[in-house]
Amino acid sequence: MNDEFYRIRRLPPYVFAEVNAMKAAARARGEDIIDLGMGNPDGAPPAHVVEKLAEVARNPKAHGYSASKGIAGLRKAQAGYYSRRFGVDLDPDSEVIVTLGSKEGLANLAQAITAPGDVVLAPNPSYPIHQFGFIIAGAAIRSIPAAPGPDFFTRLEYAIRYTVPKPTVLVIGYPSNPTAYVADLAFYEKVVAFARAHKLWVISDLAYAEIYFGDTPTPSILQVPDAREVAVEFTSMSKTYSMAGWRIGFAVGNKTLIHALTRVKSYLDYGAFTPVQAAACAAINGPQDIIAANRALYKARRDVLVECFARAGWDIAPPQASMFAWTAIPEAFRHLGSVEFAKRLLTEAGVAVAPGAGFGEEGEGFVRIALVENEQRIRQAARGVKQFLARV
């Protein structure tokens, strides 16, 4: 019956569902599955953040409805983060909103600014909500390259010139999930200039802002002068502070887009639990040791993954950022496609990865490997992979 519903009809089968079901069944049988599929951080938040959560939760007055756009202290904390990290000064009242994770914010912004039939430019492959948030809202998607190279702007020009109706929104996200591509400030300058010239809204996903492995910190699109005329940017506490399940994210930037998201959210939720928001304030305003520690943790895991998998016979290019490696399926298995390969790897090597097809058709032939297991488990995964590849 539910296949008759308009929005459900617009969604394709969930590519990850079959692999996830197989993983759950294997674990139910007692098999040891090394899960490198889901980007679910395995670390804990800082102790002072958990303590603040408990402290505020003990207050009987903290258990009522909160503010949909986020408590004032948390919005001020996020503005302070942008000032320290990017040199961008934001108005906490009109240019910052707290979201229930960046995923919820992206989806509800899509609902707020999209009319049925609108055309949205989104990278392919990309994090699914970048496309499906707008598809659920009734838009059509025109794919652009995920890599921020010269072809990116060539394809943008074609899209603007030949698409009817003219696209209204451009979605970008760097460091990218799943590809781990990174963008520099010069790229963002071109994006802002293009968007202003063609009257495009820009949505930037900066969820992996603090997970970079080189000497140059990840930039924000809002560092570009006049970016706030066209752009809004999403960030998240999930990876930066190992607070994925807390569901705290932010949208900052263009006042019109922030107001639209605030308006829609005011009808849909009462905001995150107040003690969670207070603890998020403690995270942003308190000691920042965890950021450098997490960055070092993911870099060490990346290095182990690249080294051990290469010895196993699977060469993986080291990602420059994010908590993912994006890599082509080994040559001998490319005829299977990413879903069947992921299923074979799960059943024969005991290693779960995310099939690239789940991130868009341009992801076919690739898999995403998440750096969410410790170094010992990654080495164990490599041993399973080596035995699996040796059978070919």
Counting just the residues of the range 72-90 that are open to solvent by 40 Å² or more (accessible area, probe 1.4 Å) and in contact (Cβ under 8 Å) with a residue 60 or more places away in the chain, which one comes out farthest from residue 338 (Cα to Cα)?
87
Please pick out the residue among 336, 345 that is out of contact with any Pro (no Cβ under 9 Å at 6 or more places or on another chain), under 26 Å from residue 128 (Cα atoms) and open to solvent by 20 Å² or more (accessible area, probe 1.4 Å).
336
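If we keep just the residues of the range 243-252 that are touching a residue at least 24 places away in the same chain (Cβ under 8 Å) and in a helix (DSSP H, G or I), which is most open to solvent (accessible area, probe 1.4 Å)?
246
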Residues of the range 97-120 being surrounded by 24 or more Cβ atoms within 10 Å (Cβ to Cβ) and hydrophobic (A, V, I, L, M, F, W, C), which ones?
97, 98, 106, 109, 110, 120
I'd like to know if the range 315-330 contains one or more residues that are assigned to a helix (DSSP H, G or I), touching a Lys or Arg at 6+ places or on another chain (Cβ under 8 Å) and open to solvent by less than 20 Å² (accessible area, probe 1.4 Å).
no
When you scan the range 25-41, do you find a residue that is of a type in the set (D, E, K, R) and under 25 Å from residue 261 (Cα atoms), even just one?
no
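Determine if the range 286-295 includes at least one residue that is open to solvent by less than 10 Å² (accessible area, probe 1.4 Å) and either assigned to a loop (DSSP other than H, G, I, E, B) or among the basic types (Lys, Arg) (or both). Show your work before the answer.
Restricting attention to the range 286-295, the residues satisfying the condition of being open to solvent by less than 10 Å² (accessible area, probe 1.4 Å) are none.
Checked the range 286-295: no residue is open to solvent by less than 10 Å² (accessible area, probe 1.4 Å) and either assigned to a loop (DSSP other than H, G, I, E, B) or among the basic types (Lys, Arg) (or both).
Of these, 255, 265, which one is open to solvent by 20 Å² or more (accessible area, probe 1.4 Å) and in contact (Cβ under 8 Å) with a residue 24 or more places away in the chain? It would help to see each step written out before you state the result.
Details: 265 fails: open to solvent by 20 Å² or more (accessible area, probe 1.4 Å).
Exactly one of 255, 265 is open to solvent by 20 Å² or more (accessible area, probe 1.4 Å) and in contact (Cβ under 8 Å) with a residue 24 or more places away in the chain, namely 255.
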Residues that are out of contact with any strand residue (DSSP E or B) (no Cβ under 8 Å at 6 or more places or on another chain), open to solvent by 30 Å² or more (accessible area, probe 1.4 Å), of a type outside the set (Asp, Glu) and at pLDDT below 95, drawn from the range 23-59
24, 25, 27, 28, 29, 30, 43, 44
Residue among 317, 370 that is out of contact with any helix residue (DSSP H, G or I) (no Cβ under 9 Å at 6 or more places or on another chain) and modelled with pLDDT of 95 or more:
370
Counted residues, the range 78-122 - those being within 26 Å of residue 324 (Cα to Cα) and assigned to a loop (DSSP other than H, G, I, E, B)
1
Which of the residues spanning the range 7-22 are open to solvent by 100 Å² or more (accessible area, probe 1.4 Å) and over 22 Å from the mean Cα position of the chain (by Cα)?
7, 9
Residue pairs qualifying under the 9 Å Cβ cut-off, at least six apart or on distinct chains, with the first in the range 357-377 being in contact (Cβ under 8 Å) with a residue 60 or more places away in the chain and in a helix (DSSP H, G or I) and the second being of a type in the set (Lys, Arg) and open to solvent by less than 30 Å² (accessible area, probe 1.4 Å), are 358/368; 359/368; 375/301
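Somewhere in the range 77-99, is a residue at pLDDT below 95 and touching a Leu at 6+ places or on another chain (Cβ under 9 Å)?
Initially, the range 77-99 is screened for residues at pLDDT below 95, giving none.
Among the residues of the range 77-99, not one is at pLDDT below 95 and touching a Leu at 6+ places or on another chain (Cβ under 9 Å), which makes the answer no.
The values are calculated or read from the model by the stated rules, or taken from the named source; none is laboratory data. Small disclaimer: the values here were computed from a predicted structure and weren't measured. Because the Cβ atoms are built from the backbone with ideal geometry, glycine has one as well, and the counts that use them run over all protein chains shown. Ligands, DNA and RNA are stripped out before the accessible areas are found, and what is left, the full protein with its side chains, is counted by its heavy atoms. Shrake-Rupley method; radii C 1.70, N 1.55, O 1.52, S 1.80 Å.
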